[in-house]
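Step one of this worksheet: look at the structure below.
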Amino acid sequence: MTEPQPAGAAGTALKASGLRPVSLIAGLVAVLVAVIAGLTIGPVHIAAHRVVLQLLDALPGVALDSGLSDAHAAIVEQIRLPRVALGLLVGATLSMSGAAYQGAFRNPLADPYLLGIAAGAGLGATIAITSNLGDGAGALDPVPLAAFAGALISVTVSYAAGHLGGRSTASLILAGIAVASFLTACQTYVLQANSDAFRQIFAWILGRIATSGWSEPVLMLPYFVVTAAVVLRYRRALDVLAVGDEEAAALGLEPRRVRMIVVLAASLGAAAAVSVSGLIGFVGIIVPHAVRLAFGTSNRAVLPLSVLFGGAFMVLADLAARTALAPAELPIGVVTAFLGAPFFVLVLRTSRREIW
Amino acid sequence: MTAAVSVRALDVTLDGTHVLRGIDLAASAGEWVNVIGPNGAGKTTLLRALLGLVPFNGEIDIDGLTDQHRRAARARKLAYVPQTPVIPPGMLVADYVLLGRTPHRGVFAAETAHDRMIAVETLQRLDLGGFEERAVQSLSGGERQRAVLARALAQQADVLLLDEPTTALDLGHQQDVLELVDALRRERGLTVIATLHDLTLAARYGDRIAILAQGKVAQTGPPTEVLTVQNIAAHFGATVRIVDDPEGPVIVPITAAGRSQSGTEPGTQNGDQP
């Protein structure tokens, strides 16, 4: 047995596992490195220091000469920067949503697609593509709109069906599986009836971080902000929920309310991410678990760090997707799995932490 | 200020099954009441009803607090040690004990210096000083049970509900935990309501025993009155002998072989009690 310590001295020593400054700095450095790499590397190589100067120059009240030609400045600011921004937003949203789902369902295998978002978005996109709803751009493009609607409908139906089945997390997950299977069957039917659209639909399913100017990141931004605001606010509640619904309720929490709010917020962000960039798998599971292995399991650290590392991971994955077979682009879903899986196994092997 | 618990005409129906029927039970401030009864008698449901975790009819009053109050208010009055606590993977002892401060700090707020001080004091009182940075999962059974108890004590509630607190422990640790609860009860004037399977322990620790059988309170009273050969035969279907010990009755099971040797009918032998 350890000797009792004087309460005063130990009182200052006891620390809750929150977000430690060193973890936060690591996450910010990861984002910075990813952003600079994303802006620097490409068919036209642009020196990193010039990219940094160009970005600082764009800040209000700062005037710096990056030495970039107008053409190169345009590549950085109008082609690469929106794409990097979208990668950050999509990666951050999917990772954070995955972490939130895992916390809310107390299930390491939960990802943002658990309640049928992927299947719903897939069906929506498939219908939009096969019925030739026209070629709007940005906010008016019918494919993301249909995907978004499909994703939200599937989550709503899953949630309603799960509550009919007895309100446990298991019944909710099973309802999600049933809804996803049903929607996937519908999608397959539509697909078979329109085999000429196969390629286009398949490309959508595999996902991409593609931008035409700033419309996609601008479209994504409010969803990211709402999801992050709600999910991060509930980070402590998710730590309480970790002891299960019954004990959490005995500690004064309303477990079902917390779960519903967190899951709906996470679903909103994930649905938006899926509609602008297709079904990018893996990120929502791998990034939060890597964060847990590296920085501990408290949601107070896992949620904010998933935002940072998720964003950085997606920007780097997109960089690989557009450079590996340049000028052709790999589907980003392929890259996230191809790079992410070995990396995760490495983290799993080197970490001694018990995360689940 | 200590609390008292009073339950009147409590009825609980779960999935169409009438689990508790007309329960009347009271515990005065600082009292320790053990609820015993066979498996499925409704012991855990009774605790869950007290915690407001299941819908019920009837009246539950915990120091003036009724079911109209919010969960957090209830959690400041009632602390709960479940039979099989869910230990979140990777959670450190410090964070686990600080969970007990949730009803005081509010769900969205960070813990204060006061919360941390309470956590440290509780850890030291339960001999867990120095375990703060350990994962709860990595603790031994006895240490883990003390960590769960520490979380409950950090709630600073006046009433402590224990659901089979000794189930997973060896005899030494069973004794340690119950002694600890008894000491804490005296120090802090806690009211304790516990369910226990071990009848001898139930007789040793605590002031009164309530037998719960088929959803009803069959009898309430001091251990010597409640723990009779007849009661145990009737409600547990067990054949036992009761040995009187200065500290309370000792319940000794009789084997089938022992029964045929002594030639008595099961359930009628009254052991050492006249």
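Values quoted throughout were computed directly from the atomic coordinates according to the rules given, and no laboratory measurement underlies them. Bear in mind the structure is a predicted one, so any value in this text is a computation, not a measurement. Positions of Cβ are backbone-derived with ideal geometry, glycine not excepted, and every protein chain shown enters the neighbour counts.
Each pair of Cα atoms in region A:157-306 enters the Kirkwood radius, and Stokes-Einstein at 10 °C and 1.306 mPa s then converts it into a translational diffusion coefficient of 90 µm²/s. The Kirkwood hydrodynamic radius of region B:159-222, based on inverse pair distances between different Cα atoms, is 12.5 Å.
Counting only other chain Cβ atoms within 10 Å of each residue's Cβ, the peptide B:113-121 averages 4. Taking the DSSP bridge list for chain B and keeping only pairs wholly inside it, about 60 percent are antiparallel.
Going from the fewest other Cβ atoms within 10 Å to the most, the residues A:45, A:72, A:163 appear in the order A:45, A:163, A:72.
In region A:6-113, the inverse of the mean reciprocal separation of distinct Cα atoms equals 17.2 Å; this is its Kirkwood hydrodynamic radius. Screening chain A for whole DSSP H helices with an alpha carbon extent of at least 30 angstrom along the helix axis and a mean Kyte-Doolittle hydropathy of at least -0.5 yields A:81-105, A:142-164, A:169-193, A:255-277, A:299-323. Evaluated at q = 0.07, 0.11, 0.13, 0.14 Å⁻¹, the base-10 log of the normalised Debye intensity for chain A, with identical point scatterers placed on the Cα atoms, takes the values -0.33, -0.77, -1.03, -1.16. The calculated FRET efficiency for the pair residue A:163 and residue A:188, based on their C-beta separation and a Förster distance of 35 Å, comes to about 0.80. Starting from a Cα-only point model with no solvent, please compute log10 I(q)/I(0) by Debye for region B:1-133 at q = 0.11, 0.16, 0.18 1/Å. Result of the Debye calculation: -0.51, -0.98, -1.13.
Angle check, please: helix B:113-125 long axis (alpha carbons) against the longest principal axis of chain B (alpha carbons), in degrees 0 to 90, nearest 10. Result, in degrees: 40. Remark on region B:171-268: hydrodynamic radius 14.8 angstrom, per the Kirkwood mean of 1/r across alpha carbon pairs. Taking amide H positions as modeled 1.01 Å from N, with prolines and chain starts lacking one, the residues under 5 Å from residue B:90 and 5 or more places away or on another chain are B:137.
Of the chymotrypsin sites (Phe, Trp or Tyr not before Pro) in region B:71-114, the ones in a loop by DSSP (not H, G, I, E or B) with at most 12 other beta carbons within 10 Å are B:108.
Once the dipole of region A:137-243 is set up with Lys and Arg at +1 and Asp and Glu at -1 on Cβ about the Cα centre, which of A:168, A:186, A:217 lies farthest towards its positive end? After comparing all options, I get A:168. Taking every alpha-carbon pair in region B:1-74 and binning the separations at 10 Å intervals from zero gives 18, 53, 26, 2 percent.
Sorted into 10 angstrom bins from 0, the C-alpha pair distances of chain B split as 7, 28, 33, 22, 9, 2, 0 percent.
In the protein assembly as shown the Cα-Cα distances spread across 10 Å bins starting at 0 as 3, 14, 21, 20, 16, 12, 8, 4, 2, 1, 0 percent of all pairs. For the protein assembly as shown, the 222 nm mean residue ellipticity estimated from helices alone, with every DSSP H stretch of n ≥ 4 adding -39500 (n - 2.57) and the total spread over all residues, rounds to -17500 deg cm²/dmol.
Shown in residue order for region B:99-104 are the 3J(HN,Hα) couplings computed by the Karplus curve 6.51 cos²θ - 1.76 cosθ + 1.60 at θ = phi - 60°: 4, x, 8, 3, x, 8 Hz (x for Gly and Pro). Between residue A:209 and A:332, the built amide H atoms are under 5 Å apart, and every one of these is 5 or more places off in sequence or on another chain. For residue B:134, the residues whose amide H sits under 5 Å from its own are B:93, B:94, ignoring neighbours fewer than 5 places away on the same chain, with H placed 1.01 Å from N.
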